[in-house]
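Every number here is computed from the coordinates shown, using simple stated rules; none is lab data. Here the structure is a predicted model, which means the values were calculated and not measured. Reconstructed Cβ throughout: ideal geometry from the backbone, glycine too, with neighbour counts over all protein chains shown.
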Amino acid sequence: MKAPDGHTASRPLWRDATNAIVGFAMLAFGADYFLSGALNLAAQWGWSAGFAGYLIAAIGTSSPELATSIQAMRRGNVGVVFGNVLGSNTFNLLLVGSAVGFLGGPLGGAADAMGPEMAIANLSPQLWVNAAATLALLIPAMLMRGRAQWPILCKVGGLLAITVYALSAWWVFSS
């Protein structure tokens with residue numbers, strides 16, 4: 001079967017479906033171990049659970065997305081990279097966030113534990129950093145779309161994004 005981008009499936013459907021189901025099951029069971037490990041590391045290092053989520057959990061949960069994007073770029077599937085990043089972020093914002101809110105109440109129960117004003121105050125630095133980083137990378141990408149300067153913008157934008165993430169982690173940790 002040929003996909004719109006010209007990719008041809010080389011294995012039977014049942015094998016790919018089995019791989020996807022087994023991989024998902026491994027992720028589901030591994031999430032508990034990962035969370036325990038991240039929280040224990042944070043406690044040993046004197047970090048808050050929020051900072052552990054911002055740094056350890058974010059890196060751990062984004063690693064498969066990063067690996068998928070790197071592999072897609074190596075194969076020349078740029079559309080997969082954009083779809084992966086946009087799809088993952090949309091899923092995290094809309095489905096993960098709403099599931100946490102639905103199952104745990106406002107802010108996943110954080111408002112009950114520390115009061116709604118404190119919970120919002122703790123989110124404030126992260127929200128501003130995320131909004132600024134998104135605009136800093138999205139606006140140049142939209143302006144440069146289809147132009148020859150795109151490769152240098154990607155490298156500069158990537159370095160800028162890593163720097164912004166490191167600075168934001170420092171800011172959240174020191175807040």
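Output yes when any residue across the range 32-54 is surrounded by 17 or more Cβ atoms within 10 Å (Cβ to Cβ), in a helix (DSSP H, G or I) and either touching a Pro at 6+ places or on another chain (Cβ under 8 Å) or not small (Gly, Ala, Ser) (or both), and no when none is.
yes
Quick check on my filter: what residues within the range 55-79 are in contact (Cβ under 8 Å) with a residue 60 or more places away in the chain and in a helix (DSSP H, G or I)?
Correct list: Leu55, Gly79.
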